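For reference, the structure discussed in these notes is given below.
The values are calculated or read from the model by the stated rules, or taken from the named source; none is laboratory data. Keep in mind that this is a model prediction, so the values were computed, not measured. With ideal geometry, Cβ positions are generated from the backbone for all residues, glycine too; neighbour counts draw on all protein chains shown. These area figures cover heavy atoms from the full protein model, side chains too; ligands, DNA and RNA do not enter into them. Shrake-Rupley method; radii C 1.70, N 1.55, O 1.52, S 1.80 Å.
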Amino acid sequence: MLESYFKLSEHRTTVRTELLAGLSTFLTMAYIIFVNPSILSAAGMPHDAVFAATCLAAALGSMIMGLYANYPIAMAPGMGLNAYFAFAVVQGMGFTWQAALGAVFISGCLFILVSLFKVREWIVNAIPHSLKLAISAGIGLFLAIIGLKNAGLIQGNPATLVTLGDLHQPGPLLAIGGFLLIVALEARRITGGIILGILAVTVASIALGYSKFSGVFSAPPSLVPTFGQLDIGAALNAGLVTVVLTFFLVELFDASGTLIGVCHRAGLLDKDGRLPRLNRALLADSTAIAAGAVMGTSSTTAYIESAAGTAAGGRTGLTAVTVALLFLAALFLAPLAGAVPAYATAPALIYVAILMTRGLAEIDWEDLTEAAPAVVCAVTMPFTFSIAHGIAFGFVAYAGIKLLAGRAKEVPVAVWVIAAVFVGKFALL
C-alpha cells in the first residue's frame, strides 16, 4: 500500500529510508514544541494549550503535505512570525491574541486563494530578489534581538535605549553556554543539535534549582483555551490590514523559498527547474495556516529543516507523514515543555537568526538602488521591533529610490501597489 501510494520505487527509496528520514527531520525541528509556547505565552496565550496547538498544527500540516502533495516537507508554526505575533502585534500594537489569530486565519485564506488561482507566481516573481533576501535577514535580526532579550543579555536603558544585561545572573550565563553548545553541535553535524542545546540548558537550570521539574510525560493538555478563539471580526479592523499583509507576504516567500530550496537539494525538481505539484504543496501550506489559527497558534509553514530528512534519503510524502506521527507522540511531553525557561530557548532563537541572515551575502552591493532598500528593510525590523515596519520601509524605499534615480521602469507593478498601501497606512496613523 505504501509503495503504490507514495511511489517509493519510482523515487528510489524504501519504507525504512523514509522512516529514518522523517525521524531526522523531526529531531532537527522539534525545538519548536518548546520555543513556540514560550514565545506565544508572552502574548498572554495559555502555555499548555499553545503547546498542544503547536504539536497538532505541525502534525496536520505535515500530514497534508505528505498525503496530498507527496513531498518530504515537514511543517510547523514558523519562527519569526510567532515573534511578530507576540511582541509586535499583541504587545506592541495592543491587539488581543484572539484578533492576531484572526489575522493569521485571514492571511491563510488569502494564501489559499492565490494558490487556487495561481496568482502566487506573479506575486513572488514580481518582488525584487534583494527585498526577498532582506525580509528573511530582517526577520533573523528580529529573532536575534528577542533571543538576546529573553536570555537577559540585553536590557532597556533610558540613555542608550539598549545596554548589556546583568552577566552575574544565571540566565544569561546559561544562555551563552547553550548557544555555544548548539553552534558546536550543528558544526559537528550532530542531528538535533538545537533541541539538545535547549534540553541541556533546561537540565542545568533544574539541577541548579532555577527551574521546577514536573516530570516528562503526561496526558496531552487541553486545546480548549485556544481552540476556535480567533476573532476574525477584530482582525478585519483597518488597523490590522498591515498585519494581515505582513503575515501573507512572509508566508508566501517563506513557503515558496523553502519548497524550492529543499526539493532542489533532493533532486525533486523537473528538467526545467520547476516543482511538480507545486500548487498542491502550497495548498497544503495555506490550509495548515488557517487550521493552525483555529487551533490556536501563529502561522504554520514549511520548514527548511526538512533538508535534514532529504539528506538522509527522504524523497516522498512518507517522510512528512512520519514527522506528523512523531509530533502527535510529542503531545505527551507537556510537563517537560513547561519546565523549559525562556533563557533555554533564547539560544535557539539566536542560532536560527544566524541562519536567516545569510541571505545578505547574496545582495548586489554594487547597485545602491538594490542594496540600500534591502538594508533599510532588514535593519528597520529589529530597531522598530516590527517585521511589518521593516517590510513597509523596504518597499517604500525601493520604489522611491528607483524613481529618484531615474530607474522607475525597473520597479514591478506589485511593488508600486504594496508601497502605496504602506504609504496610505502610515498616512492614516
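Using the per-residue mean of other Cβ atoms lying within 10 Å as a proxy for protection, in what order, highest first, do the peptides 27-35, 91-99 fall? Spell out each step's value before the answer.
Values: 27-35: 25.4, 91-99: 18.1.
Sorting 27-35, 91-99 by mean packing, highest first, produces 27-35, 91-99.
The simple spin-label model puts a point 7 Å past each Cα toward its Cβ; for Phe332 and Trp365 those points are separated by 5.2 nm.
Hey, what's the per residue convex hull volume over the C-alpha atoms of the range 228-293, in cubic angstrom?
Numbers: hull volume 5.9 nm³, N = 66.
About 89 Å³ per residue, rounded to a whole number.
Of the solvent-accessible surface of the range 107-249, computed with a 1.4 Å probe and all protein chains present, 68% belongs to carbon and sulfur.
Residue separation of Phe383 and Asp166 scaled by 0.36 nm, minus their Cα-Cα distance, works out to 76.0 nm of gained length. In whole angstrom, how far apart do the alpha carbon centroids of the range 193-216 and the range 300-333 sit? First find each Cα centre; the distance between them is then 24 Å. Using the Cα coordinates of the range 1-64, the gyration tensor eigenvalues translate into equivalent-ellipsoid semi-axes of 33, 12, 7 Å, sorted from longest to shortest. Here the 3J(HN,Hα) profile of the range 72-86, calculated from phi with Karplus coefficients 6.51, -1.76 and 1.60 at θ = phi - 60°, is x, 9, 8, 10, 5, x, x, 6, x, 6, 5, 5, 4, 4, 6 Hz, Gly and Pro shown as x.
Can you work out the FRET efficiency for the pair Val417 and Ala219, with r the C-beta to C-beta distance and R0 = 41 Å, to the nearest 0.05? Display every interim value, and only then the final one.
On the way: r = 50 Å, r/R0 = 1.21.
Computed FRET efficiency for Val417 and Ala219: 0.25.
List the relative contact order of the range 359-429 as a percent without decimals, with contacts defined as Cα pairs under 8 Å and 6+ residues apart. Could the numbers behind the result be given before it?
Values: 63 pairs, mean separation 17.1, N = 71.
So the answer I get is 24 percent.
A 1.4 Å probe run over the protein chains yields, for the range 254-335, 32 Å² of accessible area per residue, whole-number rounding.
Where nothing but the Cβ of Lys and Arg (+1) and of Asp and Glu (-1) is charged, how large is the charge dipole of the range 223-328 around its Cα centre, in debye to the nearest 20?
Dipole size: approximately 380 debye.
The Rg/Rh ratio for the range 1-144, using Cα coordinates for both the radius of gyration and the Kirkwood hydrodynamic radius, is 1.01. Protection proxy ranking, highest mean first, for peptides 417-426, 136-145: 136-145, 417-426, where packing is the per-residue count of other beta-carbon atoms within 10 Å, averaged.
Let me have the relative contact order for the range 281-429, percent, based on Cα pairs under 8 Å that are six or more residues apart. Don't skip to the end; give the middle numbers.
Numbers: 78 pairs, mean separation 15.9, N = 149.
Reported as a whole number, the value is 11 percent.
Computed from point charges on the beta carbon alone (+1 for Lys and Arg, -1 for Asp and Glu), the dipole magnitude for the chain about its Cα centre is near 360 Debye. Toward the positive end of the charge dipole of the chain, with +1 on the Cβ of Lys and Arg and -1 on the Cβ of Asp and Glu, the farthest Cα among Leu278, Met63, Phe6 is that of Phe6.
Within the chain, what's the longest stretch lacking GluC sites (Glu not before Pro) that sit in DSSP loops with no more than 14 other Cβ atoms inside 10 Å?
Values: sites that count: Glu10, Glu366.
The longest such stretch corresponds to 11-365.
Under Stokes-Einstein, with the Kirkwood radius over Cα pairs as Rh, the value for the range 134-195 at 4 °C and 1.567 mPa s is 99 µm²/s. Each residue of the range 347-364 is assigned a 3J(HN,Hα), and the resulting list reads x, 5, 4, 5, 5, 4, 4, 4, 5, 6, 8, 4, x, 4, 5, 8, 6, 7 Hz, derived from the Karplus form 6.51 cos²θ - 1.76 cosθ + 1.60 (θ = phi - 60°), x at Gly and Pro. If you bin all the Cα-Cα distances of the range 275-391 at 5 Å, starting from zero, the percentages per bin are 2, 8, 10, 16, 18, 18, 14, 10, 4, 1, 0. For Thr300, nonlocal amide neighbours, meaning residues 5 or more places apart or on other chains whose placed amide H falls under 5 Å from its own, are Gly78, Ile289. For the range 26-111, the relative contact order comes to 27 percent (Cα pairs under 8 Å, sequence separation of at least 6). Using the Karplus relation 6.51 cos²θ - 1.76 cosθ + 1.60 with θ = phi - 60°, the per-residue 3J(HN,Hα) values for the range 390-395 come to x, 4, 4, 5, x, 5 Hz, with x marking Gly and Pro. One decimal place: the segment Arg274-Ala159 gains 36.1 nm when fully extended, by the rule 0.36 nm per residue minus the C-alpha distance.
With +1 on the Cβ of every Lys and Arg and -1 on the Cβ of every Asp and Glu, and nothing else charged, how large is the dipole of the range 276-391 about its Cα centre, in debye rounded to the nearest 20?
600
Altogether, the Stokes-Einstein calculation at 37 °C and 0.692 mPa s, with the Kirkwood radius of the chain over Cα pairs as Rh, returns a diffusion coefficient of 151 µm²/s. Descending by average beta-carbon neighbour count within 10 Å, the peptides 282-290, 148-156 line up as 282-290, 148-156, the highest first. Placing a label point 7 Å from the Cα of Leu355 along the Cα-to-Cβ direction, the residues of the range 16-37 whose backbone N falls under 15 Å from that point are 24-36.
Would you count, across the chain, every pair of lysines whose alpha carbons are under 23 angstrom apart, provided the pair is eight or more residues apart or spans two chains?
So the count works out to 8.
Entry comment: accessible area of the range 172-238 is 58 Å² per residue, from protein heavy atoms only and a probe of 1.4 Å.
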